[in-house]
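Just so you know, all these numbers are worked out from the coordinates, no wet-lab data involved. Just so it is clear, the structure is predicted and the values come from calculations on it, not from any experiment. Note that each Cβ is placed from the backbone with ideal geometry, even for glycine, and that neighbours are counted across all protein chains shown.
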Amino acid sequence: MGSACLRKITLACGLAMIGPALSACDSADKPVAVIRIGTTPNDPLMLEVARDKKILHLLFDTGSAGTVMDLDLAHRHLQPLSGSERLQHDGLPDTVGGLYGELPVTYFRSRPLRYQEWDIPQADITPAISMSATAVALGRPVDGVIGMPAISKQTWVWERQLGSLMGYRRLPPAFAGQPGGMSCTALGTSSSGTAVVRVEIAGKPSWFALDTGYTGDLSGSLSRQDLDQLRALQQIGKEVVYRGTLGQDGAPAGPRALARVKDIVIAGHHFDGLAFQETDGASRFGLAFLHKLERALFDFAGERFCFTPPATPMPDRLPSQQELDNRAAGKKLPAAGLQAVK
């Protein structure tokens, strides 16, 4: 259960072959990057990077197989590859899966990116796509996405009470061994190059994507295959169906189920009442799940995801069928809305 090859708004599996160089070493107990955590899971994790007297708004996305820039911005700030240079990189895809279908990819020569004290690792070439639909879906400017090849070279500590996601070049000494008060599960990389964590549902092991680019009030999404298996195992507590469109561009949605799972076990801890949206892609946890955790550790080098378990159950609110029908009819948007990005 839980296919690990993810369909992303930004990069398909083929772009994961573009690998970055390693960063230089520095003090392990001092963060080189601090990213603000929003007050709600509808607030994406964004980096503001200065370049050519312009502020670039970049999405921090462990669910993306690579770093990508907006096409219009790339044309203004980067130099496109020549025909001969493009031939040297045979095998790169010409299109990737976008929000509403396939999007063409253009490749450019990379330029350095630096956020605070973090020299963001990059390959020699940068892919670019139109990110206008992503910006509409997130409700803010998006000039690019920082993906797993760069993110996984750092260790990241999620501190919800501090409102900070902190990046370190090496594992901070405080998290060596078994961190106090935290439980750990396996953290890996999917076949498409995105982050995945090990979970257990109805006694069966599974891998879910851990996707910081997935915003919204629900804990994440379920693949159709996983949803069907959970129905067969009688692990769905409540289910409603949305039959309208997604996004301001009116992409057809479905029908698409929203389902509350009775019990998911992570590192021996039971999470009851997590709600998910049915998706064409892989099953994943999004920002709403991370917002339930006071502290979490993304230890990519140690292949573990550690977290402080919630002190009390934190089930997701699932909209009623009437709320979803109202939205499908163009009326008031439910508080727990559908995710149009992934």
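Structure data summary
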{"item": "Listed peptides 159-166, 106-113, 205-212 by packing density, highest first (mean Cβ within 10 Å)", "result": "205-212, 106-113, 159-166"}
{"item": "Tensor-based shape of the stretch 13-151 (alpha-carbon gyration tensor, a/c under 1.5 rounded, otherwise prolate or oblate)", "result": "oblate"}
{"item": "DSSP beta bridge pairing in the stretch 182-328, given as percent antiparallel to the nearest 5", "result": "85 percent"}
{"item": "Built amide H within the under 5 Å cut-off of Ser192, gap 5+", "result": "Leu6"}
{"item": "Cut-off 15 Å between beta-carbons: net charge of the residues surrounding Gln88, Lys and Arg +1, Asp and Glu -1", "result": "-1"}
{"item": "Spacing of the two label points (7 Å from each Cα toward its C-beta) at Asp280 and Val241, in nm", "result": "2.0 nm"}
{"item": "Cα-based convex hull volume of the stretch 182-328 per residue, rounded to whole Å³", "result": "115 Å³"}
{"item": "Potential lengthening between Leu87 and Thr40 on full extension [0.36 nm per residue; Cα-Cα distance subtracted]", "result": "12.5 nm"}
{"item": "Highest-first arrangement of 130-142, 283-295, where packing means the average Cβ count within 10 Å", "result": "283-295, 130-142"}
{"item": "Cα-projected label distance for Glu117 with Arg76, points at 7 Å along beta-carbon direction, nm", "result": "3.2 nm"}
{"item": "Length added when fully stretched, Gln178-Thr312, from 0.36 nm per residue minus Cα-Cα", "result": "46.0 nm"}
{"item": "Net charge of Cβ neighbours under 12 Å - reference Thr106; Lys, Arg +1; Asp, Glu -1", "result": "-1"}
{"item": "Net length gained if the chain between Ala301 and Thr95 were fully extended (0.36 nm per residue, minus Cα distance)", "result": "71.1 nm"}
